[in-house]
Amino acid sequence: MNGPTTLYDKIWESHLVDARDDGTCLLYIDRHLVHEVTSPQAFEGLRNTKRSVRRPDLTLAVADHNVPTSDRSIGIEDEESRIQIETLDQNCADFGVELYDMHDIRQGICHVIGPEQGFTLPGTTMVCGDSHTATHGAFGCLAFGIGTSEVEHVLATQTMIQTKAKNMRVTVEGELPVGVTAKDMILAIIGEIGTAGGTGCVVEFAGEAVRSLSVEGRMTMCNMTIEAGARAGLIAPDEKTFEYLKGRPKSPKGFTWEASVECWKTLKTDNDASFDIEVTLQGGDIIPQVTWGTSPEDVLPITERVPHPADETDPNRRNKMERSLEYMGLEPGLPLKEIRIDRMFIGSCTNSRIEDLRAAAQVADGRKVADHVSAMVVPGSGLVKEQAEQEGLDKVFIEAGFDWREPGCSMCLGMNADKLEPGERSASTSNRNFEGRQGPGGRTHLLSPAMAAAAAIKGYLTDVRDLGVD
Amino acid sequence: MQKFDKLTAVAAPLPIINVDTDMIIPARFLKTIKRTGLGKSLFYTLRFDENGNEREDFVLNKTAYKNAEILVAGDNFGCGSSREHAPWALEDFGIRCVISSSFADIFYNNSFKNGILLIKLPQEDVDKLMEGAERGSNSTITVDLDAQKVTGPDGDVIEFDIDPYKKHCLLNGLDDIGLTMQKEGKIHAFEERLKVTQPWA
């Protein structure tokens, strides 16, 4: 490629194994995360065709979607969940893939453990049969969520077939106000560009507000890039990234570490590179966000009211809005702060890391969960849980009336026993508020960990800034 | 993979935007280690009430659309998760083609790997076909992949674009793992290069 290029262009170019004249490319994949829900049919495909896993050393498996977040010593009651997890165990044993099973301290949500183990590295390509693979873009790692046929393709060939996406850049300038987090920033971006705003694109996040984020905050942002429809999210690596990765179990060591950091420092978009789409937001304008509808784009500042469908001019969007409000059981015009919740969920690959738990614990400290609210905190991994316990966060939560649980995907999608009952309303730090996402008939409001803790305490969606917490 | 060349069938209208993969198949039905038999869970919440009885007002439950093999859907169809269970459920139910103004990327790829043709058309063409589909079982749509043409119930012909590689695989029912494995030499050479340039990767 001639001329100035983007970070995405650079990683793409450096991983091309083959390119056809029609634009179909074969891309090399450096890292592959595997979990129990989207892999059994892929391993079955390998067996049926007598193929092997080409690079088990570049493949890491973990059980996360189905695992119970309660006492695991009694095993898994649900038979289908148990079979899916046993199948992963068997497949990993048969094909020589490293696995963190549900009794391993390193077990957790795949997008939490990848970075935690140093499996995720800048400038690499990663895939996983899960749309939130976008998370790893926070390290300048080109990471795609893929389907099961593609999982099988990567297991067999360590490559994937793709055409190049468009370059999109979202810049958030300035500083975020006190009480506004990475989650609020990405929700505001999705509200701005829409749930299909990034379709066909790889989105690079830039600007002072993004650079100022911690590595974990950047993960929260990239995680939800898929909620804007993008193939992947990217943030150029910097000193914070290197600091985070240094000394992790699978990070490069010694001389190789020094060489890798030198190489990673070159991973950035050239100054005069051009993007197909550019969007700019002012960080200072962002207010803590909550969703009111059944798509992540149905989002507003907590200071607003439930919108009126009559104000929507597009008939398809008006229909969708009416459908969403009926499902959510909300009247137009109701202040968002007057929405009463039944449940609260802190967890998921979006917000279950140590900084998320610290932010929520800071709000919970010395307060009590409202009588009518049931609140659960699900750490992203066994190691996050262990660290939180060393810091005493578990005690803060328990004393405030939160339920402190074992790591996993949990109520983000309700594949295990953690789910909403029909009609129940939840304040959730997860990533999707689709109809039935957290359980059939369940109603989800997405928000940041601090906002979720505030909602649990007040019993209503709440502006965390009103609680005087910074 | 099932080939797709030409299809003339009843088209069911689904004029909802942002139909997500949780809507196409809720997560609780993903606890399977097979890729077959998922048709019964397709659009589960839209199709069935709390007691498991069919909802009469849902399009695929109406007599006129029981045999629909084409869906005409609202914008951004298939957004959300990467679950291939969504196209598996569509295919198992008998849907071979979806027409919309846009599709989510992962769902798009997944569908083509399962013999399902997704056709992206400008909104005004989708609106026209939606109108045709709303007329029920007497109005069918014809899709010709080789010619890249959709013929509406009134005989209007609409051309569509498609990635040539995806078209080739779908027309011939090709398994692309086999095709990629023929490039083993190139993959191996790439890995050898990588060992030198980025030994940590």
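Criterion first (at pLDDT 95 or above, assigned to a loop (DSSP other than H, G, I, E, B) and closer than 20 Å to A:GLY179 by Cα) does A:THR269 satisfy it?
no
Would a scan of the stretch A:443-461 turn up a residue that is open to solvent by 20 Å² or more (accessible area, probe 1.4 Å) and closer than 22 Å to A:MET224 by Cβ?
There is at least one residue in the stretch A:443-461 that is open to solvent by 20 Å² or more (accessible area, probe 1.4 Å) and closer than 22 Å to A:MET224 by Cβ.
For the stretch A:299-318, check the following and say yes or no: at least one residue is open to solvent by less than 20 Å² (accessible area, probe 1.4 Å), within 14 Å of another protein chain (Cβ to nearest Cβ) and either of a type outside the set (S, T, N, Q) or in a loop (DSSP other than H, G, I, E, B) (or both).
Checked against the condition, which is being open to solvent by less than 20 Å² (accessible area, probe 1.4 Å), within 14 Å of another protein chain (Cβ to nearest Cβ) and either of a type outside the set (S, T, N, Q) or in a loop (DSSP other than H, G, I, E, B) (or both), the stretch A:299-318 yields at least one hit.
Test A:PHE119 against the criterion of being crowded, with 24+ Cβ neighbours inside 10 Å and of a type in the set (Phe, Trp, Tyr), and give yes or no.
Answer is yes for this residue.
Give me a count of the residues in the stretch B:152-197 that are free of Cβ contacts under 8 Å to residues at least 60 places away in the same chain and within 7 Å of chain A (Cβ to nearest Cβ).
Looking only at that region, the number is 10.
Being of a type in the set (Lys, Arg) and open to solvent by 70 Å² or more (accessible area, probe 1.4 Å) narrows it down to one of A:ARG340, A:ARG353, A:ARG405, so name that one.
A:ARG340
In this structure, does B:ASN61 turn out to be surrounded by fewer than 20 Cβ atoms within 10 Å (Cβ to Cβ), without any contact (Cβ under 8 Å) to a residue 40 or more places away in the chain and either closer than 27 Å to B:GLU124 by Cβ or away from chain A (no Cβ under 13 Å) (or both)?
Taking the combined requirement at face value, the residue satisfies it.
Can you confirm whether A:GLY468 is farther than 16 Å from A:MET376 by Cα, free of Cβ contacts under 8 Å to residues at least 24 places away in the same chain and touching an Asp or Glu at 6+ places or on another chain (Cβ under 9 Å)?
Criteria not met by A:GLY468.
Pull out all pairs, ordered by first then second residue, where Cβ-Cβ is under 6 Å, the residues are six or more apart or on different chains, the first lies in the stretch A:277-294 and is under 26 Å from A:LYS166 (Cβ atoms) and among the β-branched types (Val, Ile, Thr), and the second is open to solvent by less than 50 Å² (accessible area, probe 1.4 Å) and not in a helix (DSSP H, G or I).
Here the result reads A:ILE277/A:MET168; A:VAL279/A:VAL170; A:THR280/A:THR171; A:ILE286/A:VAL180, each pair linking the stretch A:277-294 to a residue that is open to solvent by less than 50 Å² (accessible area, probe 1.4 Å) and not in a helix (DSSP H, G or I).
Regarding the stretch A:35-52, can at least one residue be identified that is more than 8 Å from chain B (Cβ to nearest Cβ), closer than 25 Å to B:HIS188 by Cβ, in contact with a strand residue (DSSP E or B) (Cβ under 7 Å, 6 or more places away or on another chain) and of a type in the set (A, V, I, L, M)?
No: the stretch A:35-52 contains no residue that is more than 8 Å from chain B (Cβ to nearest Cβ), closer than 25 Å to B:HIS188 by Cβ, in contact with a strand residue (DSSP E or B) (Cβ under 7 Å, 6 or more places away or on another chain) and of a type in the set (A, V, I, L, M).
So, of the residues in the stretch B:88-130 that are touching a residue at least 12 places away in the same chain (Cβ under 8 Å) and among the charged types (D, E, K, R), which turns out to be most open to solvent (accessible area, probe 1.4 Å)?
Among those residues, the one meeting the criterion is B:LYS120.
Scanning the stretch A:420-433 for residues that are crowded, with 24+ Cβ neighbours inside 10 Å and of a type outside the set (Ser, Thr, Tyr), which turns out nearest to A:THR291 (Cα to Cα)?
A:ASN433
Can you name every residue in the stretch B:1-57 that is among the acidic types (Asp, Glu), touching a residue at least 12 places away in the same chain (Cβ under 8 Å) and more than 13 Å from every other protein chain (Cβ to nearest Cβ)?
Answer for the stretch B:1-57, where residues must be among the acidic types (Asp, Glu), touching a residue at least 12 places away in the same chain (Cβ under 8 Å) and more than 13 Å from every other protein chain (Cβ to nearest Cβ): just B:ASP5.
Of these, A:THR195, A:THR148, A:THR163, which one is at the interface with another protein chain (Cβ under 8 Å from one of its Cβ atoms), closer than 20 Å to B:GLY78 by Cα and open to solvent by 20 Å² or more (accessible area, probe 1.4 Å)?
Exactly one of A:THR195, A:THR148, A:THR163 is at the interface with another protein chain (Cβ under 8 Å from one of its Cβ atoms), closer than 20 Å to B:GLY78 by Cα and open to solvent by 20 Å² or more (accessible area, probe 1.4 Å), namely A:THR163.
The values are calculated or read from the model by the stated rules, or taken from the named source; none is laboratory data. Remember, predicted model here, so these are calculated numbers, not experimental data. FYI the Cβ positions are ideal-geometry reconstructions off the backbone, even for glycines, and counts take in every protein chain you see. Remember, those area values only see protein heavy atoms, side chains included, never the ligands or the DNA or RNA. Shrake-Rupley method; radii C 1.70, N 1.55, O 1.52, S 1.80 Å.
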